[in-house]
1. Pairs on different chains or at least eight residues apart, Cα atoms closer than 21 Å: how many lysine pairs in region 62-174 fit?
2. What spacing in nm lies between the two simple spin-label points modelled at Lys39 and Thr160, each 7 Å away from Cα in the Cβ direction?
3. Find the relative contact order for region 46-163 and round it to a whole percent, using C-alpha pairs within less than 8 Å whose residues are 6+ positions apart.
4. Cα convex hull of region 46-163: mean projected area in nm², to one decimal?
5. Compute the signed sum of charges (Lys and Arg +1, Asp and Glu -1) over the other residues within less than 14 Å, Cβ to Cβ, of Gln136.
6. For Ala63, what charge total do you get from the other residues with a beta carbon under 12 Å from its beta carbon, if Lys and Arg give +1 and Asp and Glu give -1?
7. For region 46-163, with only Lys/Arg (+1) and Asp/Glu (-1) charged at the beta-carbon, what is the dipole magnitude about the Cα centre, in debye rounded to 20?
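What follows draws every value from the coordinates through simple rules; no lab data is involved. A quick note: this is a predicted structure, and the numbers were derived from the prediction, not measured. So basically every Cβ, Gly included, is an ideal-geometry build from the backbone, and we count neighbours across all protein chains shown.
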Amino acid sequence: MKRVLFVLALLLLLGGAAAFHAGAQPAQQPPPPPTDTIKTAASHTPEQQEIIDLSKKKWDWMAEKKVDSLKNLFDEKAMFVHMGGSWGKTQELETIKSGGIWYKHAAVYAVEVNTFGNMAILLNDIDLQAVVGGNQVTHAFMVTEVYIKENGQWKMAQLTFSQLLRPVRLTNNN
């Protein structure tokens, strides 16, 4: 008798669980993160174009390790945020000069600039070929550059590399 009651109880329990499960909604996957990127405007104000040109020069100077040109561009209080850490102007210049990070080539796919009085924020959608600690790497980044205008001159106040989820577009032929 105990055995029959046990089997009946077990069947009721399993049947109830199956009925509950049949009515339950499957767990929904969260939506994937957005992968949209910035778009380059068809035209820019003269001030926006000045920032875009300055950013391009900066990429060239970084590739060529022109620390004297970069020293003049970087504000004394500038901060640099990388995948491996963040630091100030002196360490960034020393890192470039020593080859700790060699910014070999930045392929810029889109650029957006917004100005706010004496401040400009530039976004670059790039693939960056670099040598980091002796290893060649290529990453997709959204780079944020913040510039401030003092005494009629633009100075870089901040540079941040944010890794993108999109695939790298740059090939070895670029």
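1. 24
2. Placing both labels 7 Å beyond Cα along the Cβ direction yields 2.5 nm.
3. 25
4. Mean orientational projected area (region 46-163, Cα hull): 6.6 nm².
5. Around Gln136, the charge tally is 0.
6. Here the charged neighbours net out to +4.
7. Its charge dipole is roughly 300 debye.
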